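As structure tokens, the structure follows; a few thoughts come after it.
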Amino acid sequence: MATVIVVTSGKGGVGKTTTSAAIATGLAQRGKKTVVIDFDVGLRNLDLIMGVERRVVFDFINVINDGIRLNQALIKDKRVDNLFILPTSQTKDKDALTHEGVEKVLDELRQEFDYIVCDSPAGIERGAQLALYFADEAVVVTNPEVSSVRDSDRILGILNSRSRRAERGEAAVKQHLLLTRYDLERVARGEMLKLDDVLDILAIPVLGVIPQDDMVLQASNIGTPIILDERSIAGQAYRDSVSRLLGETLELRYVAPQKRGFMSWLRGRSA
């Protein structure tokens, strides 16, 4: 039976879809059969990030409402074995997602996959509520900004009280913090919250800290999950995050200024 992981946040623009694509790709690279689902009906950005927008024929909403079989809508990734994408509709509204329909799709996917990654819309509208409701684990994505962290705290409250696990009295949804666009220089100037400040507010385990990296935008523009870019520090941080998700213990990188070696110190003096 698959583990359902929701990638969520209280605020838009924090990097949820980038994170969903990276985590799903990373899990598949580690040999886990993985599907990533776009729950953001009407916007549909996951297929762009994954580079499969031209291959979309049927989507999540067609499966729920139009009698299309799930295997007709699933898109197999060409770069990574074990990775599949289930896009959503650009033309329907969020009411097209039904509780019964989502449950049926997830139950079918659970029989075939190791991991189901749900790319949730921001906030608490219908698509987000349904993605949160069925989750076994949650990756809460936030930027080091007060408004983003505050909104993420609200999402944690929903996970703790309105998920299916909470309704059934089962073990709580396992929660992970992913801090994105972390800029050490801005943190040092007091323009961003420090990691410790975010942890004081949210008080959940850290899955990863993703440093500010211009290569993320470049990767998105060409439809390549950033985790596939070996040169990217953000890609490396996502690879570390996937390892932690799979139970490995790794030290956090990119959370403190790099120490300068003796040669770089000499070069700095002579500059």
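See the values below:
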item: Condition check for N65: out of contact with any Asp or Glu (no Cβ under 9 Å at 6 or more places or on another chain) and either open to solvent by 20 Å² or more (accessible area, probe 1.4 Å) or β-branched (V, I, T) (or both); result: yes
item: Residue match in the range 114-122 (condition: open to solvent by 20 Å² or more (accessible area, probe 1.4 Å), aliphatic (A, V, I, L, M), without any contact (Cβ under 8 Å) to a residue 12 or more places away in the chain and closer than 30 Å to V209 by Cβ); result: no
item: Test set (1) free of Cβ contacts under 8 Å to residues at least 40 places away in the same chain; (2) under 14 Å from the mean Cα position of the chain (by Cα) - L74 fails condition number; result: (2)
item: Residues (open to solvent by 90 Å² or more (accessible area, probe 1.4 Å) and not in a loop (DSSP other than H, G, I, E, B)) located in the range 190-225; result: D196, D200, L217, Q218, N221
item: Selection within the range 38-54 - open to solvent by less than 10 Å² (accessible area, probe 1.4 Å), closer than 15 Å to T25 by Cβ and over 15 Å from the mean Cα position of the chain (by Cα); result: V52
item: Only listed residue being more than 20 Å from the chain's Cα centre (by Cα), surrounded by 17 or more Cβ atoms within 10 Å (Cβ to Cβ) and part of a helix (DSSP H, G or I), chosen from V187, V149; result: V187
item: Only listed residue being over 15 Å from S9 (Cβ atoms) and in a loop (DSSP other than H, G, I, E, B), chosen from A135, A171; result: A171
item: Residue match in the range 43-64 (condition: at pLDDT below 95 and on the phi > 0 side of the Ramachandran plot); result: yes
item: Verdict on D107 being open to solvent by 50 Å² or more (accessible area, probe 1.4 Å), under 23 Å from K33 (Cα atoms) and either of a type in the set (D, E) or not in a strand (DSSP E or B) (or both); result: yes
item: Residue in the range 82-98 that is in contact with a Leu (Cβ under 7 Å, 6 or more places away or on another chain), over 17 Å from L228 (Cβ atoms), part of a helix (DSSP H, G or I) and modelled with pLDDT of 95 or more present; result: no
item: Which listed residue, of T8, T17, T3, is open to solvent by 10 Å² or more (accessible area, probe 1.4 Å), under 12 Å from the mean Cα position of the chain (by Cα) and farther than 14 Å from S241 by Cα; result: T17
item: Residue within the range 153-171 that is surrounded by fewer than 21 Cβ atoms within 10 Å (Cβ to Cβ) and β-branched (V, I, T) present; result: yes
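The values are calculated or read from the model by the stated rules, or taken from the named source; none is laboratory data. From a predicted model like this one, the values you see are computed outputs, not experimental measurements. Cβ sites come from the backbone with ideal geometry, for glycine too, and all protein chains shown count toward neighbours. To get the accessible areas, we keep the full protein, side chains included, count just its heavy atoms, and leave off ligands, DNA and RNA. Shrake-Rupley method; radii C 1.70, N 1.55, O 1.52, S 1.80 Å.
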